[in-house]
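One structure is given below, encoded as C-alpha cells.
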Amino acid sequence: GCQGAQGRFAYKLFHDLFTNYSSALRPVEDTDRALNVTLQVTLSQIIDMDERNQVLTSYLWVRQAWLDAHLTWDKDAYDGIDSIRVPSSYVWLPDIILYNNADDHFSSSMETNVVLRSDGHITWDSPAITKSSCKVDVSYFPFDGQRCRLTFGSWTYNGNQIDLRNRLDSGDLTDFVENVEWEVLGMPATRNVITYGCCSEPYPDVTYTLLLRRRASFYIFNLLLPCIMVSFLAPLGFYLPADSGEKVSLGVTVLLALTVFQLLVAESMPPSESVPLIGKYYIATMTMITASTALTIFIMNVHHCGPGAWPVPPWARQLILHHMARLCCVYEVGESCKSPQRALGRRVGRGDTMGLGESPGEGKAGAEVGGCPRDRCMCHHNSLLRNVNYITGCFRRHRAAQRRTGEWKKVAKVMDRFFMWVFFLMVFLMSALVLSKAA
C-alpha cells in the first residue's frame, strides 16, 4: 500500500512539475546571471587511434550537472520523494559538445534519463563514442607518445549565460579498460576562457588532455628486429668469395627486403614532413647497403683484373698488402710460395743455360756419335737457343702476369675484409643510436 501511495505521489509530482514547464528556455530566475554547469568525463576505453587520419576514437561517460530553478519541490508534500528520473528530452539540456569532433555524422551522446532532485539539481550521465581530431607526432615512432585533447564547451551560450567548470582536476580513469597498443599516463583537465573572432563574448570550455604512450613491443618484434637482423647480413656480402657470383645478389636482396619494411611503415603513418625514427633507420640502412653494393662491384672489378692489368702501385702495396692486411688479419701463402717457385725457375733456367753452354762438348759428342760435321751442329745449337729463349720469355711473362693477378686478388680480399668490419661497425652504431633515442 505504501509503494502504491508513493507511486501515486510520483505521478502527481511529475504532472505538477511539467504542466507549465518549457525545455526550450534557460532555467534561471534571473536571466542576467550565468548558469553554472559542471562537467566530469570518465574514460572507459580507447577504441582506435588512426595515426594516418589523425583521429582518436574513444568511449566516454560524460556527466553534467546544473541547477534548474523551475524543477524544485517540497519532498514532504510528496511523501518524501527526494529524486525522480525522467527522459532527458523533458528537461532543458546544455548544448555541451565536443569542439574537436571528427565524426562524419556528428553523432551526439545517448539520450539517457536525467536525475531530478527536490532542490532543483539535475544530473545527466550519458555514454558517448567520440571521434576527436588529434595532432599526431610520429617523429619517434614506434617509441612515441601522443597528447590528444578533448575540448568540451557550449556551442551557443557564452560565458555570461553558462559558466562551464570541471568537477575534477583530471578525467576519471577508474573504469578504464586497458588498451593493447596505448598506455594512458594521465588525463588532466583545464578550464579555458576564449574570445573568438566571431563574437565579443567569452566562451569557457573544459579541455581534457589525454596523455598516451605507445606500447612498442609489437613494432619491435615485427618491424625493428627483422630490420636489424637483415642489416647485419649486408656486411657479410664482403665475406663471400668473389668467384661465387652471389655478392651483388645478396646486397640487392637485402635492399629489397628493407624496402618492403619501409612500405609497411609508410602505409600506417600520416604523410607529414617529420620522418619517424624507424623510417630514418631504414633510410640510413638502405643507404649503407647501396654503398656496400657499389663497393662490392668495385672490389669485384679489382679481383677480376686480367693478365693485362697494371702492376699494383707501390703505395697500394705498402698500405693495403702490408698494413691493412695485417690489420684485417688477412694472411696469404701466395708470396711465400712464389719465392721458391721463382728460385726453382731460376735454377731450371740456369741449368738449361749451362746445359746449352756445354754445347761444344755435347756437339762434339753428338758429332762423334752421329758423325755430324761440326759446323752443322753449331747451326742446330743456335736454333735451339733461340727457341729456348722464346719459351723462357713466354714463361716469364706468364709468371709475371700471374703474379700481378694474384696481387690484385689479394688487394681485393683485403679491401673486402676491411669494408666488412667497417660496415659491421656502422650497423652496430646505427642500431645503438636508434635504441638510445628511443630511451
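Every number here is computed from the coordinates shown, using simple stated rules; none is lab data. Predicted model, so just to flag it, every value in this text is computed and none were measured. We place every Cβ from the backbone using ideal geometry, glycine too, and count neighbours over all the protein chains shown.
Cα atoms only: what Rg and Dmax, in Å, come out for the range 158-240?
Calculated on Cα positions, Rg and Dmax stand at 24.1, 79 Å.
Name the long-range amide H neighbours of residue 170: under 5 Å, sequence gap of 5 or more, or other chain; modelled H, no Pro or chain starts.
Counting only residues 5 or more places away or on other chains, the set is 189.
I'd like the FRET efficiency for residue 177 and residue 225, computed as 1/(1 + (r/R0)^6) with the beta carbon distance as r and R0 of 35 Å, rounded to 0.05.
Given R0 = 35 Å and the Cβ-Cβ separation, E is 0.75.
Using Cα-Cα distances under 8 Å and only pairs 6 or more residues apart, what relative contact order does the range 151-200 have, in percent?
Relative contact order comes out at 38 percent.
Amide H to amide H, which residues 5 or more places from residue 134 or on other chains are under 5 Å from it, using H placed in the peptide plane?
It is 55, 56, by chain and number.
Once amide H atoms are built 1.01 Å from N in the peptide plane, which residues 5 or more positions from residue 163, or in another chain, come under 5 Å H to H?
Amide H neighbours of residue 163, under 5 Å, 5+ apart: 35, 36, 37.
Work out Dmax and Rg for the range 55-129 from the C-alpha atoms and quote the Rg first, both in angstrom.
Expressed in Å, the Cα Rg and Dmax of the range 55-129 come to 15.2, 52.
So what is the relative contact order of the range 7-214, in percent, for Cα pairs below 8 Å that sit 6 or more residues apart?
24
Once phi is turned into ³J(HN,Hα) by the Karplus curve 6.51 cos²θ - 1.76 cosθ + 1.60 with θ = phi - 60°, what whole-Hz value does each residue of the range 65-75 show in order, with x for glycine and proline?
So the J values, rounded to whole Hz, are 9, 7, 10, 9, 5, 9, 10, 10, 8, 8, 5.
Out of the trypsin sites (Lys or Arg not before Pro) in the range 61-145, which ones are loop residues according to DSSP with at most 14 other C-beta atoms within 10 Å?
Answer by residue number: 135.
Indicate the gyration tensor shape class of the range 199-298 (rounded, prolate or oblate), computed on the Cα atoms with a ≥ b ≥ c the square roots of the eigenvalues: a/c under 1.5 is rounded; otherwise a/b larger than b/c is prolate and the rest oblate.
Cα axes put the range 199-298 in the prolate bin.
Relative contact order of the range 85-154, please, whole-number percent, based on alpha carbon pairs below 8 angstrom and at least 6 residues apart.
Computed over the range 85-154, the figure is 39 percent.
Within the P(r) computed for the range 86-199, what percentage of the Cα pairs occupies the region above 24 Å?
40
Go through the range 196-207 residue by residue and turn each phi into a ³J(HN,Hα) via Karplus (6.51, -1.76, 1.60, θ = phi - 60°); whole Hz please, and just put x for glycine and proline.
For the range 196-207, the Karplus-derived couplings read 7, x, 6, 9, 8, 7, x, 10, x, 8, 10, 10 Hz, x marking Gly and Pro.
Work out from phi, with θ = phi - 60° and the Karplus expression 6.51 cos²θ - 1.76 cosθ + 1.60, the ³J(HN,Hα) of each residue of the range 31-37, listed in order in whole Hz, and give x for Gly and Pro.
5, 7, 9, 7, 8, 7, 10
Rounded, prolate or oblate: pick one for the range 7-214, where a ≥ b ≥ c are the square roots of the eigenvalues of its C-alpha gyration tensor, a/c under 1.5 means rounded, and failing that, prolate if a/b is larger than b/c, else oblate.
Prolate, because a/c is 1.5 or more and a/b exceeds b/c.
Let me test this: with uniform point scatterers at the alpha carbons of the range 130-271, what is the Debye-based log₁₀ I(q)/I(0) at q = 0.17 1/Å?
So the normalised log intensities are -1.02.
Structure shown: which of 280/410; 131/280; 280/413; 135/280 lie over 26 Å apart, alpha-carbon to alpha-carbon?
Pairs exceeding 26 Å: 280/410; 131/280; 280/413.
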